[in-house]
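Step one of this worksheet: look at the structure below.
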């Protein structure tokens with residue numbers, strides 16, 4: 001499985017059978033390593049309705065005849081705008097071709113627009129199961145104790161965790177998340193896009209590897225990890 005970081009919190013996953021993009025914030029993303037029109041995807045996973053995550057999902061879905069997989073309120077929002085969408089809720093799982101998605105809790109918000117604001121249900125994270133691997137994509141979240149339960153029920157090969165602070169977990173809480181999840185490997189995300197979420201990923205890598213033994217891989221936008 002190839003996992004490419006496209007900037008901020010956007011990742012592109014490719015298996016021999018499937019192409020998946022997660023939280024496709026590209027056209028307005030100062031870190032973006034691809035343009036929306038360059039994306040070839042079968043499935044689009046969206047954690048919540050904030051613009052830096054929902055992003056270009058509807059346009060990418062239409063151009064690829066792809067399906068958006070997300071929480072029910074976001075699915076309805078996308079379907080009204082002409083995109084194919086598969087609605088789910090926290091704790092539910094579903095098989096899509098050669099991979100399975102399970103929705104996890106996330107401590108955050110979910111809305112779009114400014115005047116008026118439209119609320120789009122509860123945010124989520126994703127567990128992805130495919131090719132014998134388990135990936136936990138936490139989405140935008142604060143630290144919560146049930147991360148220990150996620151790791152115990154689903155041994156995690158790769159955890160993709162926010163470290164930016166202010167809007168999500170910072171490095172200290174993300175370290176605690178790694179201790180609870182016990183993943184083999186960690187990729188940090190949602191940092192250094194703007195000054196307010198500026199962090200030192202090398203410092204995060206050093207402390208996580210020292211205290212947990214998990215391998216931390218820092219991906220620059222456009223870089224790919226083989227899992």
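The values are calculated or read from the model by the stated rules, or taken from the named source; none is laboratory data. Fair warning: this is a prediction, and the values are worked out from it, not measured in the lab. Don't worry about glycine lacking a Cβ; one is built from the backbone with ideal geometry, like all the others, and counts go over all protein chains shown.
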Practice problem: Among residues belonging to the stretch 114-141 that are touching a strand residue (DSSP E or B) at 6+ places or on another chain (Cβ under 9 Å), in a loop (DSSP other than H, G, I, E, B) and more than 18 Å from residue 43 (Cβ to Cβ), point out the one that is modelled with the lowest pLDDT. | Solution: 117
Self-check item: Total residues in the stretch 102-133, condition buried (at least 21 other Cβ atoms within 10 Å of the Cβ) and more than 18 Å from residue 55 (Cα to Cα)
Solution: 6
Self-check item: Output for the stretch 71-101, where each listed residue is within 22 Å of residue 15 (Cα to Cα), surrounded by 18 or more Cβ atoms within 10 Å (Cβ to Cβ) and in contact (Cβ under 8 Å) with a residue 40 or more places away in the chain
Solution: 99, 101
Self-check item: Neighbours by Cβ (under 7 Å, 6+ apart or cross-chain): first from the stretch 196-208, closer than 13 Å to residue 169 by Cα; second assigned to a helix (DSSP H, G or I) and modelled with pLDDT of 95 or more
Solution: 199/171; 204/171; 204/174
Self-check item: Lone qualifier among 14, 62, 84 - being over 20 Å from residue 190 (Cβ atoms) and within 16 Å of the chain's Cα centre (by Cα)
Solution: 14
Quiz item: Can you tell me how many residues in the stretch 60-70 are crowded, with 16+ Cβ neighbours inside 10 Å, in contact with a helix residue (DSSP H, G or I) (Cβ under 8 Å, 6 or more places away or on another chain) and assigned to a helix (DSSP H, G or I)?
Solution: 2
